[in-house]
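**Student:** Attaching a single structure in structure tokens format; questions to follow.
The values are calculated or read from the model by the stated rules, or taken from the named source; none is laboratory data. Everything numeric here is computed off the predicted structure, so don't read it as measured data. Quick reminder, even Gly has a Cβ in these numbers, built from the backbone with ideal geometry, and neighbours come from all protein chains shown. These accessible areas exclude ligands, DNA and RNA; they are computed on the full protein's heavy atoms, side chains included. Shrake-Rupley method; radii C 1.70, N 1.55, O 1.52, S 1.80 Å.
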Amino acid sequence: MQKKPLATLLNEGRRKIQVTDDELAEAKRRRSLLTACMRRAFPGSTCYFNGSVAHGDANTPLTDVDLGVILSPTDAEGYGPEGKDALSLMERARAAIRAGLEDEFPNLTIEVVGRRRAVLVRFGAPVTKGQQDFTADVMTAIPHPTGVGLFIPNNKITARWDRADPVSHTLMVHKAIEDTNMVFARVVRLLKHWNSTHSKPLCSWNIKALALGCINTPMPLIEALQLFFTYAAEQLEDGATPDPAGVAGDIPLGLPITDVRKRLRTARDYIDLAVDHEAAGRPLSAQHALHQVLPEIIPDIDPADAEAAAEEEAARLVQSVATTGSAASGLGLLTPRVTPTRAWAP
């Protein structure tokens, strides 16, 4: 196996999962079709884009897109926590989408009943080859009386509406991408892969909300990962992540918070280990450690390199004994017989 620096491995890995130009173009085309439908259904409304396509951090396969429509004062009148729920607005959106898209998409289905926040559009035609379908969430929102943020539907609670600020979220992400010279979007792609291969402890927005607190300048991807996992593990010691816009409540976690912290800390330890190995001239050990965090896109070392990796580890242990008097290896132990498959402690 050719020995590669961590920077090369990470750039190759993020390109494997980055959405293709063709996928992105088709997703945006369908989003534009939906936007036109909403403008016909709600004259004077303002549409906004949210989610991974809008944020610039989508991975392949691309399976969905998000669209919001902020109603005009006339259409919003009578709706909200003290008024009507959003179901009639969602039905209105469904009728407009069906009228506008059913000719092009004969297998189109549109769901309202049972939906918590948004109309679910199933196109009946995937954007990415090999996928079953492509969907869209279309949300009807109303302005908040304070002028800050929106009321968005929540058909699962008594008030039927939540306060949020998805427009500000997208602006924050775009600024972070610009300020970091694209590093923010690239590391988020890698982090979403980590998340999906480790039981989804965080939703995508939680990943981005945490990254907004620490990834704000250009830096190598390995440093961005190291910074994220260190920062996220520390932040979640105090509880769930607050809304960066200061409008909505805390961001829900995908697992119990103790399990989320555990995964973050272990991923942090493996990234630290990979950095230490590379700095000490142990590229195979560095790659093996990075593989634990990003399986599938960072290849593990080849069995043919096991002997060389064992020699790296032997040299590390000799150095550890010489400098500390201890051969304890912890996560640093790398032998052909012991290969953890996920970046958290069993």
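**Student:** Would you kindly derive the ³J(HN,Hα) couplings of the stretch 256-270 from the backbone phi angles with the Karplus curve 6.51 cos²θ - 1.76 cosθ + 1.60 (θ = phi - 60°), listing them in order in whole Hz, with x for Gly and Pro?
**Tutor:** x, 4, 5, 5, 4, 4, 4, 5, 5, 5, 5, 4, 4, 5, 5
**Student:** Classify the stretch 93-215: rounded, prolate or oblate, from the alpha-carbon gyration tensor (a ≥ b ≥ c, eigenvalue square roots; a/c under 1.5 rounded; otherwise prolate if a/b is larger than b/c)?
**Tutor:** oblate
**Student:** Please tell me which of these pairs span more than 21 angstrom C-alpha to C-alpha: Lys16/Lys192; Lys28/Lys156; Lys3/Lys262; Lys84/Lys156; Lys16/Lys129?
**Tutor:** With Cα atoms farther than 21 Å apart: Lys28/Lys156; Lys3/Lys262.
**Student:** Do the sum for the chain: with -39,500 (n - 2.57) for every DSSP H run of n ≥ 4, divided by all residues, what is the mean residue ellipticity at 222 nm, to the nearest 500 deg cm²/dmol?
**Tutor:** -15000 deg cm²/dmol
**Student:** Based on alpha-carbon centroids, what's the gap between the stretch 130-176 and the stretch 255-277 in Å, whole number please?
**Tutor:** Each part's Cα centre sits 31 Å from the other's.
**Student:** What are the trypsin sites (Lys or Arg not before Pro) within the stretch 11-109 that DSSP puts in a loop, where the Cβ has at most 14 other Cβ atoms within 10 Å?
**Tutor:** Hits after loop and neighbour filter: nothing returned.
**Student:** Based on Cα positions only, what radius of gyration and what Dmax would you give for the stretch 41-90, in angstroms?
**Tutor:** Over the stretch 41-90's Cα set, Rg and Dmax evaluate to 14.4, 41 Å.
**Student:** Answer rounded, prolate or oblate for the stretch 145-277, using the Cα gyration tensor with square roots of eigenvalues a ≥ b ≥ c: rounded when a/c is under 1.5, else prolate when a/b is larger than b/c, else oblate.
**Tutor:** Working: a/c = 2.53, a/b = 1.49, b/c = 1.70.
The shape class here is oblate.
**Student:** Another one. Using the 2.2 N^0.38 Å rule of thumb for compact globular proteins, work out how the stretch 28-174 stacks up: its C-alpha Rg over that value, please.
**Tutor:** Details: Rg = 15.0 Å, N = 147, 2.2 N^0.38 = 14.7 Å.
Computed over Cα atoms of the stretch 28-174, the ratio equals 1.02.
**Student:** Right, something else. Using the crude model of +1 on Lys and Arg Cβ and -1 on Asp and Glu Cβ, and no other charge, please compute the dipole size for the chain relative to its Cα centre, in debye to 20.
**Tutor:** With only Lys, Arg, Asp and Glu charged at Cβ, the dipole is about 660 debye.
**Student:** Between the stretch 205-253 and the stretch 56-115, how many Å separate their Cα centres?
**Tutor:** Rounded to whole Å, the Cα centres lie 30 Å apart.
**Student:** Scaled to the compact-protein estimate 2.2 N^0.38 Å, what is the alpha-carbon radius of gyration of the stretch 244-298, rounded to two decimal places?
**Tutor:** Details: Rg = 15.5 Å, N = 55, 2.2 N^0.38 = 10.1 Å.
Compared with the compact-globule rule of thumb, the stretch 244-298 sits at 1.54.
**Student:** Among Ser285, Pro5, Gly149, pick out the residue whose Cα is farthest towards the positive end of the charge dipole of the chain, where Lys and Arg carry +1 and Asp and Glu carry -1 on C-beta, about the Cα centre.
**Tutor:** Gly149
**Student:** Tally up the carbon and sulfur contribution to the accessible surface of the chain as a whole percent, 1.4 Å probe, everything protein left in place.
**Tutor:** 52
**Student:** What is the chain by shape, rounded, prolate or oblate, if you read a ≥ b ≥ c off the alpha carbon gyration tensor as root eigenvalues and call it rounded for a/c under 1.5, prolate for a/b larger than b/c, and oblate otherwise?
**Tutor:** prolate
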